[in-house]
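K.L.:
Could you have a look at this structure, given as C-alpha coordinates, before my questions?
The values are calculated or read from the model by the stated rules, or taken from the named source; none is laboratory data. It should be emphasised that the depicted structure is a prediction, and the values quoted were computed from it without experimental measurement. Positions of Cβ are generated from backbone atoms using ideal geometry, with glycine treated the same way; all protein chains shown enter the neighbour counts.
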Amino acid sequence: MAKAAAAPPPVPRTTSPTSNGSLSIGVIIGISIGVFIGVIIASCVALCIGCRKRRLKKRGSSRRGFVLPIRVNGVNSSTIMSDSVSSPPAYVASKGNTWWGGQEKQLIPSSLGVTKFTYKELHKATSNFTALLGQGAFGPVYKAVLHSTGTTLAVKVLAEQSKQGDREFQNEVILLGRLHHRNLVNLVGYCEEKNQRILVYEYMHNGSLERKLVDQNNEPLTWDQRVLIAQDISRGLEYLHEGATPPVVHRDIKSANILLDATMIARVADFGLSKAADSTNIVSGVKGTFGYVDPEYMSTNSFTAKSDVYSFGVLLFELITARNPQQGLMDYVHLAAMGMESKEDWAEIMDPRMNGNCNLQELGDMANIAYKCVGPVGERRPKMRAVAQNLCNLGKRRSKEHAVLSVIEENVPPTRSLPAGERSKPLKSKKDAGIPPLSPPRDYNK
(Lines give C-alpha, C1' and ligand atoms only; values in the text may rest on other atoms or scores of the structure.)
Protein backbone atom coordinates (compact mmCIF):
# COMPACT_ATOMS: atom_id res chain seq x y z
CA MET A 1 0.00 0.00 0.00
CA ALA A 2 1.47 3.21 -1.11
CA LYS A 3 2.42 5.83 1.51
CA ALA A 4 0.36 9.06 1.47
CA ALA A 5 2.26 12.07 0.28
CA ALA A 6 3.40 14.43 3.14
CA ALA A 7 1.54 17.77 3.36
CA PRO A 8 3.66 20.78 2.46
CA PRO A 9 4.72 22.95 5.49
CA PRO A 10 2.65 26.16 6.09
CA VAL A 11 4.13 29.27 4.66
CA PRO A 12 4.54 31.97 7.43
CA ARG A 13 2.97 35.38 6.88
CA THR A 14 5.34 38.24 6.61
CA THR A 15 4.51 41.91 7.37
CA SER A 16 5.92 44.75 5.50
CA PRO A 17 8.52 46.77 7.45
CA THR A 18 7.07 49.90 5.97
CA SER A 19 3.58 49.38 7.47
CA ASN A 20 5.02 48.55 11.01
CA GLY A 21 7.07 51.78 11.15
CA SER A 22 4.07 53.91 10.14
CA LEU A 23 1.98 52.40 12.98
CA SER A 24 4.55 53.14 15.73
CA ILE A 25 5.05 56.77 14.59
CA GLY A 26 1.29 57.33 14.63
CA VAL A 27 1.03 56.02 18.21
CA ILE A 28 3.84 58.31 19.38
CA ILE A 29 2.28 61.36 17.72
CA GLY A 30 -1.13 60.57 19.25
CA ILE A 31 0.28 60.18 22.76
CA SER A 32 2.26 63.42 22.45
CA ILE A 33 -0.77 65.38 21.31
CA GLY A 34 -2.84 63.93 24.17
CA VAL A 35 -0.24 64.85 26.79
CA PHE A 36 0.09 68.40 25.39
CA ILE A 37 -3.67 68.95 25.46
CA GLY A 38 -3.84 67.56 29.01
CA VAL A 39 -1.14 69.99 30.20
CA ILE A 40 -2.97 72.91 28.62
CA ILE A 41 -6.26 71.91 30.25
CA ALA A 42 -4.60 71.46 33.66
CA SER A 43 -2.91 74.86 33.36
CA CYS A 44 -6.19 76.54 32.48
CA VAL A 45 -7.94 74.92 35.45
CA ALA A 46 -5.16 75.97 37.84
CA LEU A 47 -5.24 79.52 36.45
CA CYS A 48 -9.00 79.74 36.88
CA ILE A 49 -8.79 78.49 40.48
CA GLY A 50 -6.01 80.95 41.30
CA CYS A 51 -7.94 83.88 39.79
CA ARG A 52 -11.04 82.93 41.73
CA LYS A 53 -9.11 82.73 45.02
CA ARG A 54 -7.51 86.13 44.43
CA ARG A 55 -10.90 87.63 43.56
CA LEU A 56 -12.48 86.23 46.73
CA LYS A 57 -9.54 87.42 48.86
CA LYS A 58 -9.71 90.89 47.38
CA ARG A 59 -13.46 91.03 47.94
CA GLY A 60 -13.03 89.94 51.57
CA SER A 61 -10.30 92.53 52.12
CA SER A 62 -12.48 95.32 50.73
CA ARG A 63 -15.26 94.28 53.08
CA ARG A 64 -12.95 94.17 56.09
CA GLY A 65 -11.13 97.37 55.17
CA PHE A 66 -9.97 99.50 58.03
CA VAL A 67 -11.36 102.91 58.85
CA LEU A 68 -9.83 106.04 60.28
CA PRO A 69 -10.10 106.28 64.06
CA ILE A 70 -12.38 109.12 65.18
CA ARG A 71 -11.85 111.48 68.11
CA VAL A 72 -15.14 111.98 69.89
CA ASN A 73 -14.25 114.51 72.59
CA GLY A 74 -12.41 117.21 70.72
CA VAL A 75 -8.87 117.81 69.58
CA ASN A 76 -7.28 117.73 73.02
CA SER A 77 -9.11 114.66 74.19
CA SER A 78 -7.25 111.55 75.31
CA THR A 79 -10.35 109.37 75.00
CA ILE A 80 -10.44 107.97 71.48
CA MET A 81 -13.13 105.89 69.87
CA SER A 82 -13.31 104.08 66.55
CA ASP A 83 -16.21 102.82 64.52
CA SER A 84 -14.43 99.62 63.54
CA VAL A 85 -12.94 96.76 65.51
CA SER A 86 -11.56 94.85 62.54
CA SER A 87 -7.87 94.60 61.85
CA PRO A 88 -6.37 96.20 58.75
CA PRO A 89 -5.66 93.92 55.79
CA ALA A 90 -2.15 92.66 55.35
CA TYR A 91 -0.68 94.17 52.21
CA VAL A 92 1.64 92.23 49.98
CA ALA A 93 4.03 94.03 47.72
CA SER A 94 3.05 93.70 44.06
CA LYS A 95 5.81 93.36 41.56
CA GLY A 96 5.30 93.63 37.83
CA ASN A 97 7.38 91.37 35.56
CA THR A 98 9.83 93.49 33.61
CA TRP A 99 9.72 90.98 30.72
CA TRP A 100 6.02 91.70 30.31
CA GLY A 101 5.63 95.35 31.24
CA GLY A 102 8.71 96.58 33.07
CA GLN A 103 6.79 97.69 36.18
CA GLU A 104 8.62 98.39 39.44
CA LYS A 105 7.94 96.77 42.78
CA GLN A 106 4.99 98.55 44.43
CA LEU A 107 4.91 98.36 48.23
CA ILE A 108 1.98 100.67 48.95
CA PRO A 109 -1.54 99.86 47.69
CA SER A 110 -3.16 102.67 45.72
CA SER A 111 -6.38 102.16 47.71
CA LEU A 112 -4.72 103.40 50.92
CA GLY A 113 -5.59 107.02 50.16
CA VAL A 114 -2.15 108.51 50.96
CA THR A 115 -0.80 111.08 48.50
CA LYS A 116 1.85 109.69 46.18
CA PHE A 117 4.49 112.19 45.06
CA THR A 118 6.64 111.86 41.97
CA TYR A 119 10.39 111.74 42.32
CA LYS A 120 10.72 114.71 40.01
CA GLU A 121 8.42 116.79 42.20
CA LEU A 122 10.37 116.02 45.40
CA HIS A 123 13.70 116.47 43.62
CA LYS A 124 12.68 120.01 42.72
CA ALA A 125 11.11 120.77 46.11
CA THR A 126 14.31 119.84 47.98
CA SER A 127 16.59 121.79 45.60
CA ASN A 128 18.06 118.59 44.20
CA PHE A 129 18.15 117.04 47.71
CA THR A 130 20.58 119.62 49.06
CA ALA A 131 18.49 121.25 51.86
CA LEU A 132 19.63 118.77 54.52
CA LEU A 133 17.92 118.99 57.92
CA GLY A 134 19.55 116.04 59.62
CA GLN A 135 20.47 112.37 59.51
CA GLY A 136 18.40 109.66 61.14
CA ALA A 137 18.38 105.87 61.32
CA PHE A 138 16.08 105.80 58.30
CA GLY A 139 18.27 108.08 56.22
CA PRO A 140 18.80 111.79 55.46
CA VAL A 141 15.97 114.26 56.08
CA TYR A 142 15.56 117.25 53.76
CA LYS A 143 13.53 120.42 53.91
CA ALA A 144 11.18 120.75 50.95
CA VAL A 145 8.99 123.54 49.64
CA LEU A 146 6.29 122.58 47.15
CA HIS A 147 6.38 125.13 44.35
CA SER A 148 2.71 124.60 43.54
CA THR A 149 1.41 125.51 47.01
CA GLY A 150 4.40 126.93 48.89
CA THR A 151 3.91 124.34 51.65
CA THR A 152 7.00 123.46 53.69
CA LEU A 153 7.51 119.74 54.25
CA ALA A 154 10.10 117.32 55.62
CA VAL A 155 11.29 114.63 53.21
CA LYS A 156 12.92 111.49 54.61
CA VAL A 157 14.83 109.33 52.13
CA LEU A 158 15.58 105.67 52.83
CA ALA A 159 19.34 105.21 52.58
CA GLU A 160 20.61 102.11 50.80
CA GLN A 161 22.70 101.09 53.82
CA SER A 162 19.86 101.85 56.24
CA LYS A 163 18.85 99.20 58.79
CA GLN A 164 15.26 99.86 57.80
CA GLY A 165 14.13 98.24 54.61
CA ASP A 166 11.09 97.93 52.43
CA ARG A 167 9.08 96.30 55.20
CA GLU A 168 9.63 99.22 57.60
CA PHE A 169 8.86 101.73 54.85
CA GLN A 170 5.64 99.92 53.99
CA ASN A 171 4.74 99.56 57.67
CA GLU A 172 5.14 103.27 58.43
CA VAL A 173 3.06 104.41 55.45
CA ILE A 174 0.23 101.99 56.19
CA LEU A 175 0.17 102.77 59.92
CA LEU A 176 0.32 106.55 59.59
CA GLY A 177 -2.20 106.39 56.78
CA ARG A 178 -4.84 105.30 59.29
CA LEU A 179 -3.60 106.87 62.56
CA HIS A 180 -4.64 110.47 63.14
CA HIS A 181 -4.03 112.36 66.39
CA ARG A 182 -2.72 115.80 67.28
CA ASN A 183 0.23 114.22 69.10
CA LEU A 184 1.31 111.99 66.23
CA VAL A 185 3.35 113.27 63.31
CA ASN A 186 1.27 113.76 60.16
CA LEU A 187 2.28 111.75 57.09
CA VAL A 188 1.61 113.91 54.03
CA GLY A 189 2.62 111.38 51.37
CA TYR A 190 5.28 109.06 50.02
CA CYS A 191 7.24 108.24 46.88
CA GLU A 192 8.37 104.87 45.53
CA GLU A 193 9.88 105.58 42.18
CA LYS A 194 13.25 104.86 40.53
CA ASN A 195 13.95 102.37 43.33
CA GLN A 196 13.69 105.20 45.88
CA ARG A 197 11.73 104.95 49.14
CA ILE A 198 10.74 108.41 50.39
CA LEU A 199 8.40 109.56 53.19
CA VAL A 200 6.94 113.08 53.26
CA TYR A 201 5.88 114.61 56.59
CA GLU A 202 4.53 117.85 57.92
CA TYR A 203 7.46 120.13 58.71
CA MET A 204 8.24 120.45 62.44
CA HIS A 205 9.75 123.91 62.98
CA ASN A 206 11.41 123.22 66.34
CA GLY A 207 13.05 119.93 65.41
CA SER A 208 13.50 117.00 67.77
CA LEU A 209 13.24 116.96 71.54
CA GLU A 210 16.72 115.42 71.70
CA ARG A 211 18.24 118.49 70.08
CA LYS A 212 16.43 120.80 72.50
CA LEU A 213 17.76 118.89 75.50
CA VAL A 214 21.31 118.24 74.33
CA ASP A 215 22.26 121.34 72.35
CA GLN A 216 24.03 123.73 74.74
CA ASN A 217 23.55 126.61 72.30
CA ASN A 218 19.76 126.47 72.74
CA GLU A 219 17.91 128.08 75.58
CA PRO A 220 17.00 125.35 78.08
CA LEU A 221 13.39 124.27 78.13
CA THR A 222 11.40 125.78 80.96
CA TRP A 223 9.72 123.53 83.49
CA ASP A 224 6.28 124.41 82.11
CA GLN A 225 7.41 123.40 78.61
CA ARG A 226 8.73 120.07 79.91
CA VAL A 227 5.44 119.32 81.65
CA LEU A 228 3.43 120.10 78.52
CA ILE A 229 5.75 118.00 76.34
CA ALA A 230 5.41 115.05 78.72
CA GLN A 231 1.63 115.39 78.61
CA ASP A 232 1.62 115.53 74.80
CA ILE A 233 3.73 112.39 74.44
CA SER A 234 1.63 110.49 76.96
CA ARG A 235 -1.56 111.38 75.05
CA GLY A 236 -0.06 110.17 71.79
CA LEU A 237 1.01 106.86 73.32
CA GLU A 238 -2.34 106.44 75.06
CA TYR A 239 -4.03 106.81 71.69
CA LEU A 240 -1.76 104.18 70.12
CA HIS A 241 -2.29 101.68 72.96
CA GLU A 242 -5.99 102.16 73.67
CA GLY A 243 -7.53 104.38 71.02
CA ALA A 244 -6.31 102.95 67.71
CA THR A 245 -7.98 99.95 66.09
CA PRO A 246 -6.15 97.64 66.30
CA PRO A 247 -3.90 98.92 69.11
CA VAL A 248 -0.33 99.76 68.14
CA VAL A 249 2.93 99.47 70.07
CA HIS A 250 5.60 101.93 68.94
CA ARG A 251 8.75 99.99 69.97
CA ASP A 252 11.15 102.93 69.56
CA ILE A 253 10.15 105.72 71.95
CA LYS A 254 13.08 108.10 72.43
CA SER A 255 13.75 111.84 72.42
CA ALA A 256 15.01 111.74 68.82
CA ASN A 257 11.59 110.44 67.73
CA ILE A 258 9.67 113.25 69.44
CA LEU A 259 9.22 116.27 67.17
CA LEU A 260 8.12 119.78 68.20
CA ASP A 261 6.01 121.98 65.95
CA ALA A 262 5.98 125.77 65.77
CA THR A 263 3.85 126.02 68.93
CA MET A 264 6.02 123.47 70.85
CA ILE A 265 3.36 120.76 70.67
CA ALA A 266 5.13 117.39 70.89
CA ARG A 267 4.36 114.66 68.36
CA VAL A 268 5.46 111.04 68.26
CA ALA A 269 7.29 110.12 65.04
CA ASP A 270 9.09 107.23 63.31
CA PHE A 271 6.78 104.20 63.14
CA GLY A 272 9.13 101.97 61.17
CA LEU A 273 9.38 99.41 63.99
CA SER A 274 5.76 99.70 65.18
CA LYS A 275 3.50 96.67 65.31
CA ALA A 276 -0.22 96.15 65.60
CA ALA A 277 -0.81 94.59 69.01
CA ASP A 278 -2.97 91.49 69.40
CA SER A 279 -3.84 89.07 72.18
CA THR A 280 -0.34 87.59 72.13
CA ASN A 281 2.95 89.31 72.81
CA ILE A 282 5.06 90.45 69.89
CA VAL A 283 7.98 88.07 69.53
CA SER A 284 10.82 89.13 67.26
CA GLY A 285 14.47 90.01 67.32
CA VAL A 286 15.33 92.70 69.86
CA LYS A 287 14.96 96.08 68.15
CA GLY A 288 15.03 99.61 69.44
CA THR A 289 17.59 102.06 70.82
CA PHE A 290 20.07 101.23 73.55
CA GLY A 291 19.23 103.02 76.77
CA TYR A 292 15.50 103.06 76.07
CA VAL A 293 14.89 99.32 75.53
CA ASP A 294 12.96 97.46 78.23
CA PRO A 295 15.33 95.00 80.02
CA GLU A 296 12.46 92.51 80.29
CA TYR A 297 12.04 92.69 76.51
CA MET A 298 15.74 91.99 76.04
CA SER A 299 15.62 88.93 78.30
CA THR A 300 12.34 87.43 77.03
CA ASN A 301 12.43 88.65 73.42
CA SER A 302 8.75 89.52 73.89
CA PHE A 303 7.50 93.07 73.39
CA THR A 304 4.26 94.44 74.86
CA ALA A 305 2.65 97.82 75.45
CA LYS A 306 4.34 97.85 78.87
CA SER A 307 7.68 97.95 77.03
CA ASP A 308 6.57 101.28 75.53
CA VAL A 309 5.72 102.39 79.07
CA TYR A 310 9.29 101.63 80.17
CA SER A 311 10.75 103.66 77.28
CA PHE A 312 8.44 106.53 78.16
CA GLY A 313 9.62 106.43 81.79
CA VAL A 314 13.22 106.76 80.60
CA LEU A 315 12.13 109.67 78.40
CA LEU A 316 10.52 111.41 81.41
CA PHE A 317 13.79 111.18 83.34
CA GLU A 318 15.60 112.52 80.28
CA LEU A 319 13.21 115.49 80.29
CA ILE A 320 13.92 116.13 83.97
CA THR A 321 17.69 115.71 83.87
CA ALA A 322 18.63 116.50 80.23
CA ARG A 323 21.00 113.52 80.43
CA ASN A 324 21.57 111.06 77.61
CA PRO A 325 20.04 107.62 78.42
CA GLN A 326 22.87 105.99 76.49
CA GLN A 327 25.38 107.40 78.98
CA GLY A 328 24.16 105.84 82.22
CA LEU A 329 21.05 107.89 82.92
CA MET A 330 19.16 105.05 84.62
CA ASP A 331 22.14 104.13 86.80
CA TYR A 332 22.21 107.75 87.92
CA VAL A 333 18.45 107.68 88.61
CA HIS A 334 18.62 104.42 90.62
CA LEU A 335 21.48 105.74 92.74
CA ALA A 336 19.51 108.91 93.47
CA ALA A 337 16.42 106.88 94.38
CA MET A 338 18.30 104.81 96.97
CA GLY A 339 18.63 107.72 99.37
CA MET A 340 15.25 109.24 98.61
CA GLU A 341 13.16 110.22 101.62
CA SER A 342 10.51 112.45 100.00
CA LYS A 343 9.35 113.51 96.58
CA GLU A 344 11.16 116.82 96.89
CA ASP A 345 14.49 114.95 97.03
CA TRP A 346 14.22 114.33 93.30
CA ALA A 347 15.34 117.95 92.84
CA GLU A 348 18.98 116.81 92.99
CA ILE A 349 18.71 115.19 89.54
CA MET A 350 17.12 118.23 87.89
CA ASP A 351 18.70 119.76 84.78
CA PRO A 352 21.32 122.18 86.20
CA ARG A 353 20.64 124.68 83.40
CA MET A 354 17.21 125.35 84.91
CA ASN A 355 18.88 126.89 87.97
CA GLY A 356 16.19 125.50 90.25
CA ASN A 357 13.38 127.31 88.42
CA CYS A 358 10.70 124.66 88.67
CA ASN A 359 7.76 123.54 90.75
CA LEU A 360 9.29 121.06 93.23
CA GLN A 361 5.92 119.44 93.91
CA GLU A 362 5.40 118.76 90.21
CA LEU A 363 8.99 117.63 89.79
CA GLY A 364 8.53 115.05 92.55
CA ASP A 365 5.22 113.88 91.07
CA MET A 366 6.66 113.50 87.57
CA ALA A 367 9.74 111.66 88.85
CA ASN A 368 7.54 109.27 90.84
CA ILE A 369 5.44 108.56 87.74
CA ALA A 370 8.59 107.94 85.72
CA TYR A 371 10.01 105.62 88.39
CA LYS A 372 6.87 103.48 88.31
CA CYS A 373 7.11 103.28 84.51
CA VAL A 374 10.66 101.85 84.66
CA GLY A 375 9.80 99.14 87.18
CA PRO A 376 11.58 95.82 86.55
CA VAL A 377 8.36 93.80 86.21
CA GLY A 378 6.30 94.76 83.18
CA GLU A 379 2.95 93.64 84.59
CA ARG A 380 3.31 96.00 87.54
CA ARG A 381 3.94 99.06 85.39
CA PRO A 382 0.96 101.39 84.92
CA LYS A 383 -0.94 101.58 81.66
CA MET A 384 -0.46 104.61 79.45
CA ARG A 385 -3.98 105.83 80.19
CA ALA A 386 -3.20 106.04 83.92
CA VAL A 387 0.16 107.68 83.18
CA ALA A 388 -1.46 110.28 80.90
CA GLN A 389 -4.15 111.09 83.45
CA ASN A 390 -1.63 111.53 86.27
CA LEU A 391 0.56 113.79 84.15
CA CYS A 392 -2.44 115.89 83.12
CA ASN A 393 -3.30 116.31 86.79
CA LEU A 394 -0.08 118.29 87.26
CA GLY A 395 -1.49 121.18 85.30
CA LYS A 396 -4.90 120.87 86.93
CA ARG A 397 -3.43 121.09 90.43
CA ARG A 398 -1.48 124.17 89.48
CA SER A 399 -4.59 125.76 87.96
CA LYS A 400 -6.54 125.19 91.20
CA GLU A 401 -3.74 126.62 93.26
CA HIS A 402 -3.39 129.63 90.98
CA ALA A 403 -7.13 130.27 91.09
CA VAL A 404 -7.17 130.29 94.90
CA LEU A 405 -4.11 132.53 95.09
CA SER A 406 -5.67 134.95 92.60
CA VAL A 407 -8.71 135.34 94.85
CA ILE A 408 -6.43 136.06 97.81
CA GLU A 409 -4.43 138.66 95.88
CA GLU A 410 -7.63 140.47 94.94
CA ASN A 411 -8.59 140.76 98.66
CA VAL A 412 -5.16 141.85 99.90
CA PRO A 413 -5.21 145.58 100.78
CA PRO A 414 -2.71 147.86 99.08
CA THR A 415 0.73 148.28 100.59
CA ARG A 416 1.12 150.67 103.43
CA SER A 417 1.90 154.24 102.49
CA LEU A 418 5.39 155.17 103.62
CA PRO A 419 6.96 158.58 104.12
CA ALA A 420 8.43 160.23 101.08
CA GLY A 421 11.85 158.98 100.18
CA GLU A 422 11.29 155.44 101.44
CA ARG A 423 10.75 152.54 99.02
CA SER A 424 7.31 150.95 99.07
CA LYS A 425 7.51 147.32 100.21
CA PRO A 426 4.85 144.59 99.86
CA LEU A 427 3.34 142.94 102.88
CA LYS A 428 5.56 140.20 104.26
CA SER A 429 2.84 137.69 105.06
CA LYS A 430 -0.85 136.98 104.79
CA LYS A 431 -1.07 137.39 108.56
CA ASP A 432 -0.02 141.03 108.24
CA ALA A 433 -2.91 141.53 105.83
CA GLY A 434 -5.43 140.07 108.25
CA ILE A 435 -6.15 137.02 106.07
CA PRO A 436 -6.15 133.49 107.47
CA PRO A 437 -3.44 131.15 106.13
CA LEU A 438 -4.30 129.30 102.91
CA SER A 439 -4.83 125.57 103.23
CA PRO A 440 -3.95 123.48 100.18
CA PRO A 441 -6.76 122.26 97.92
CA ARG A 442 -8.29 118.89 98.67
CA ASP A 443 -6.29 115.88 97.47
CA TYR A 444 -3.41 118.19 96.56
CA ASN A 445 -0.76 115.99 98.09
CA LYS A 446 -2.22 112.69 97.06
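K.L.:
Restricting to segment 324-344, and then to whatever is without any contact (Cβ under 8 Å) to a residue 12 or more places away in the chain and charged (D, E, K, R), can you tell me which residue is surrounded by the fewest Cβ atoms within 10 Å (Cβ to Cβ)?
P.N.:
Across segment 324-344, the extreme among qualifying residues is Glu341.
K.L.:
Could I ask something else about it? Please go through segment 192-233 and pick out each residue that is under 28 Å from Ala386 (Cα atoms) and of a type in the set (Ser, Thr, Tyr).
P.N.:
Passing the criteria: Ser208, Thr222.
K.L.:
Can you tell me which residue among Ala276, Ala266, Ala305 is in contact with a Pro (Cβ under 9 Å, 6 or more places away or on another chain), buried (at least 21 other Cβ atoms within 10 Å of the Cβ) and of a type outside the set (S, T, N, Q)? If you could, list the steps in order and put the result at the bottom.
P.N.:
Working: Ala276 fails: buried (at least 21 other Cβ atoms within 10 Å of the Cβ); Ala266 fails: in contact with a Pro (Cβ under 9 Å, 6 or more places away or on another chain).
That would be Ala305, the only listed residue that is in contact with a Pro (Cβ under 9 Å, 6 or more places away or on another chain), buried (at least 21 other Cβ atoms within 10 Å of the Cβ) and of a type outside the set (S, T, N, Q).
K.L.:
Could you tell me how many of the residues in segment 206-235 are of a type in the set (A, V, I, L, M, F, W, C) and assigned to a loop (DSSP other than H, G, I, E, B)? Give the steps one after another, and end with the answer.
P.N.:
In the first step, residues of segment 206-235 are kept if they are of a type in the set (A, V, I, L, M, F, W, C); the result is 209, 213-214, 221, 223, 227-230, 233.
In the following step, the residues that additionally are assigned to a loop (DSSP other than H, G, I, E, B) were identified as 221.
Residues flagged as of a type in the set (A, V, I, L, M, F, W, C) and assigned to a loop (DSSP other than H, G, I, E, B) within segment 206-235 amount to 1.
K.L.:
If you take the residues of segment 264-275 that are modelled with pLDDT under 95 and out of contact with any Asp or Glu (no Cβ under 8 Å at 6 or more places or on another chain), which of them is nearest to Gly291 (Cα to Cα)? If you could, list the steps in order and put the result at the bottom.
P.N.:
Initial filter on segment 264-275 (modelled with pLDDT under 95): 269-275.
With the extra rule that they be out of contact with any Asp or Glu (no Cβ under 8 Å at 6 or more places or on another chain), the set shrinks to 269, 275.
Values: Ala269: 18, Lys275: 20 Å.
The qualifying residue nearest to Gly291 (Cα to Cα) is Ala269.
K.L.:
From Ile258, Ile233, which residue is under 16 Å from Met204 (Cβ atoms), in contact (Cβ under 8 Å) with a residue 60 or more places away in the chain and buried (at least 22 other Cβ atoms within 10 Å of the Cβ)?
P.N.:
On the way: Ile258 fails: in contact (Cβ under 8 Å) with a residue 60 or more places away in the chain.
So the residue among Ile258, Ile233 that is under 16 Å from Met204 (Cβ atoms), in contact (Cβ under 8 Å) with a residue 60 or more places away in the chain and buried (at least 22 other Cβ atoms within 10 Å of the Cβ) is Ile233.
K.L.:
Where residues in segment 236-254 are outside any loop (DSSP other than H, G, I, E, B), at pLDDT 95 or above and out of contact with any Lys or Arg (no Cβ under 6 Å at 6 or more places or on another chain), which of them is nearest to Ser302 (Cα to Cα)?
P.N.:
His241
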